[in-house]
Amino acid sequence: MRGRAVMDTELIKTLAVNCDDYVVTDDMLDENTDRADQNADEKVPGMTSEQYSTVRAYVQEQLSQRLKPEERSRSRDPLIRSQLKSIVMRALLENDVPLGEAAAQRLVEELGNDLLGFGPIEPFFYDPEVTEIKAGRDVVRIEKNGVETVAGGARFRDEQHIRDVLERMIAPTGRKIDMKNPEVNARLFDGSRLIAQIPPLAVEGTMITIRRFRTDMMVENLLKRRVASERVLEFIRAAVLARLNIVVSGGTSSGKTTLLNCLASFIPENESIITIEEPAELQLQHSNVRRLEANSQTEYTQRRLVQSALRMAPKRIIIGECRAGETFDMLQAMNTGHQGSMTTAHANSSWHTRSRLANMVQMAQLDLPYEAIIEQIADAVDLFIHVLKDRNGRRRLDHICEVAGLKRDQDGILNIVLNPIWRYEKDTDSFDYVAKKFARMDLLVEDGGWKP
């Protein structure tokens, strides 16, 4: 037996406690056990592929008999995992597969991931450092601290395996994926955003991309990770308390949502908030939040939900990301008594965000003159905060600009004037205060408690 320690039979019997029997209303588990035929030695030291397949089949059958449908969605519940452990230990005993205690625990984890969880990518949902997961049939890549690597040992058995896991992931969300609808967007149990494609859209097989959002990225951790300096965050806090309207801009995976979460943490508890997202991914640490989730495939778009939110008497409205015509309604909210509202936009700089907002307002198809749109943006937005992901994978603030009025350029085109207040300096790796003066300083001092 390769010199491995043999688990005491009595220990197995002790662990293999009786589980309560349940009636099954749906087939919760995939019946095709042939897909479990793999080199188990790579997964569980001391087990052959044949032994692994035998034990897996036993456990699969027992779980299908004992788990209620609603319990499947609680696969991470300690009680469910305890039942799994008991069944696995009984399977080892009845199939005469002696394992060392560490190997047996490893088997419980593997089968839990395989039969109840998200397969080979399940462990990454418990690693707070993992911010992105990109999975295909043959390779899984993860991102930690801005650096993407291949996840060694994490691999799906075949195309059917990754499809089974994908179906399991989206089942609680009510979303479906099939030949007619080969792409799906969904929010997972932990708030992560999932987007997946299957053939024929995905030429080389099913692709799953998951963006995870850190739950610990509040002020202390933003400082620790050098996203911004303490002085900058004190300024931002004052801006939130002074009820300035803020747009956070940045590229893909630059940290916009993370910073928006941080901004919202500064909102006083006595102020009601309505969030509007598609999909919902904000995780606000606030006791007075009402959350709305749009679905662009129905009539309940972000634009409609913003219009609804205006009738729900919030103090502030937060849109996860402005993408289209809802930008017009967001600006209306900022201009009509909902000061302190916030959103994000995909852009390369604060200067680029100006035109991006104007273009998105035009998508509302209201036939507004371009100059009227520019004037509305200038009236509504107080601050632009731009974040980016640098070449080293570090996500950080790049600059903060104040909206400082309107001015025509040499061609007579009306533009929004931006006044830089803070800027990151690469040479000194510092966040520098660069404003000689700015219009809202007194407001930040008096209402936000800022100390210049």
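The values are calculated or read from the model by the stated rules, or taken from the named source; none is laboratory data. Keep in mind that what you see is a predicted model, and the values were worked out from it rather than measured. Glycine gets a Cβ as well: all are built from the backbone with ideal geometry, and neighbour counts include every protein chain shown.
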Original post:
Residue check: is residue 367 in contact with a Leu (Cβ under 9 Å, 6 or more places away or on another chain) and in the same structural domain as residue 237 (by TED's automatic domain parsing)?
Top reply: no
Subject >> Subset tally (residues that are over 24 Å from the mean Cα position of the chain (by Cα) and over 20 Å from residue 416 (Cβ atoms)) for segment 300-339 >> reply: 10
Original post:
If residue 244 passes every condition in (1) among the aliphatic types (A, V, I, L, M); (2) assigned to a loop (DSSP other than H, G, I, E, B); (3) over 30 Å from residue 336 (Cβ atoms) but one, which one does it miss?
Top reply: (3)
**OP:** Output yes when any residue across segment 435-451 is under 19 Å from residue 226 (Cβ atoms), surrounded by fewer than 20 Cβ atoms within 10 Å (Cβ to Cβ) and either assigned by TED's automatic domain parsing to the domain that holds residue 246 or not aliphatic (A, V, I, L, M) (or both), and no when none is.
**Re:** no
**OP:** Please enumerate the residues belonging to segment 417-431 that are surrounded by fewer than 15 Cβ atoms within 10 Å (Cβ to Cβ), free of Cβ contacts under 8 Å to residues at least 40 places away in the same chain and part of a strand (DSSP E or B).
**Re:** 417, 425
**OP:** Tell me, please, whether a residue that is assigned by TED's automatic domain parsing to the domain that holds residue 207, among the hydroxyl-bearing types (Ser, Thr, Tyr) and buried (at least 18 other Cβ atoms within 10 Å of the Cβ) can be found in segment 127-147.
**Re:** yes
**OP:** Would you kindly identify the helices (runs of 4 or more DSSP H) lying entirely within segment 1-106 that contain at least 3 residues that are at pLDDT 65 or above and surrounded by fewer than 18 Cβ atoms within 10 Å (Cβ to Cβ)?
**Re:** 49-66, 78-94
Subject >> Members of segment 308-333 that are outside any loop (DSSP other than H, G, I, E, B) and buried (at least 18 other Cβ atoms within 10 Å of the Cβ) >> reply: 309, 316, 317, 318, 319, 326, 327, 328, 329, 330, 331, 333
**OP:** Might you let me know whether segment 234-256 holds any residue that is touching a residue at least 60 places away in the same chain (Cβ under 8 Å), farther than 29 Å from residue 309 by Cβ and in the same structural domain as residue 397 (by TED's automatic domain parsing)?
**Re:** yes
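Residue-wise test of (1) over 26 Å from residue 351 (Cα atoms); (2) of a type in the set (S, T, N, Q).
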{"residue": "219", "(1), (2)": "yes, no"}
{"residue": "229", "(1), (2)": "no, yes"}
{"residue": "242", "(1), (2)": "no, no"}
{"residue": "250", "(1), (2)": "no, no"}
{"residue": "253", "(1), (2)": "no, yes"}
{"residue": "257", "(1), (2)": "no, yes"}
{"residue": "261", "(1), (2)": "no, yes"}
{"residue": "268", "(1), (2)": "yes, no"}
{"residue": "278", "(1), (2)": "no, no"}
